[in-house]
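Structure record follows, encoded as structure tokens.
A short reminder: the numbers here are calculations on the coordinates, not readings from a lab. The shown structure was predicted, so the numbers you read here are calculated from the model rather than taken from an experiment. Cβ sites come from the backbone with ideal geometry, for glycine too, and all protein chains shown count toward neighbours.
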Amino acid sequence: MILVYDGSGSEEEMLRELMVPTGMEFKLLKKLSVRVLEEASPTTLIYFVDGEMPSEDEKLFLTERREFLLILMYRSVPEVNERIKYSSELVPVDPDNIDETRDRLRKALSSHTVRKLRTINDTTIYLAKNGLYPGNTYFTNPDNTGLFTSMLISKHIDRDRSLVVSRFNLRMEMPEILNDRNFIWVTDSIGAQRNRPVNITFIVDTIIKRINEGSTYLIFIDIFDLMIVYHSFYDVARSFELIKSAAMEKEVYLILVLGEESMDHIQFGQITRYCYEWSPRKINELER
């Protein structure tokens, strides 16, 4: 069930005009409350906000658990708490082009990035503010490795439940944030606490085990370029697909470092299928 609420009190006609052609069942609300949400058990709530959201409505959306997708529609960018902003789909309304607005709404309804964000806390909002949502796989350029590791230097990240897999000994370079519990070193050099790239099955099984045990929720893997030196592209791609499937099922954040120059464009398209690009310019902190 889709619930539609006009927080401005003056846009019901426009909202009805938007929704009717979609053919989806919806209900226009006259009042919004905890009781209404509990009784309706919506899959999606479309909320039109004009300016600042009323405090009583904000409280409804600031609970730690949200079982529905929240879509905020607006004519001008609303002033809302960032916990609401980054846990919602945002749909600007073009009053002169209702068809374009409806297309934006369709995309928001069919998106599965924000929809998977059920738990609302400092960690999930910090990650969302930096472009990451649970249960999704992201690919990024090798140049962004430093940005990711700098993101771990935050009180909002549980580093013991994070996992970095790299061909570089980042544990030695960043002992404050990486240790035996959250770092896997893949290298062709011989020695203790090292994983040889030829042992692809063992490496993949170790990562998947961590995912299935629930001992990790944020994974960063930077070993692709090394693995294809020892294995065929398709062997490595299949192994990555196993990790991606486990991460999606357990709603883990997964980031894969993939250098586009290390494969042809067809292979790059294959391995990044069902992935989102993560290319932040900087790491954003939460508001105080």
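What lysines could a cross-link reach from LYS129, if we take a straight Cα to Cα line under 17 Å and drop same-chain neighbours fewer than 8 places away?
In chain and number order, the partners are LYS85, LYS116, LYS155, LYS282.
Enumerate by residue number the GluC sites (Glu not before Pro) in the stretch 1-108 meeting two conditions: DSSP loop (anything except H, G, I, E, B), and at most 13 other Cβ atoms within 10 Å of the site's Cβ.
Within the stretch 1-108, the qualifying GluC sites (Glu not before Pro) (loop, at most 13 other Cβ atoms within 10 Å) are GLU25, GLU64, GLU67.
Which pairs in the list LYS27/LYS59; LYS27/LYS107; LYS107/LYS244 are over 27 Å apart, alpha-carbon to alpha-carbon?
Check vs 27 Å cut-off fails for no pair.
Evaluate E = 1/(1 + (r/R0)^6) for ASN199 and TYR274, where r is the Cβ-Cβ distance and R0 equals 22 Å; express this FRET efficiency to the nearest 0.05.
Working from the Cβ atoms, E equals 0.25.
About the Cα centre, and with charges only on the beta carbon of Lys, Arg (+1) and Asp, Glu (-1), how big is the dipole of the chain? Nearest 20 debye, please.
Dipole of the chain, to the nearest 20 debye: 900 debye.
Would you mind classifying the stretch 2-116 by shape? Square roots of the alpha carbon gyration tensor eigenvalues, ordered a ≥ b ≥ c; an a/c under 1.5 is rounded, otherwise it is prolate if a/b is larger than b/c and oblate if not.
Verdict is rounded for the stretch 2-116.
If each residue of separation counts as 0.36 nm, what is the full-extension length gain between GLU100 and ARG238 once their alpha-carbon separation is subtracted?
45.8 nm
When the helix-only estimate is applied to the chain (DSSP H runs of n ≥ 4, each -39,500 (n - 2.57), divided by the residue count), what is the mean residue ellipticity at 222 nm, nearest 500 deg cm²/dmol?
Calculated at 222 nm, the ellipticity per residue is -10000 deg cm²/dmol.
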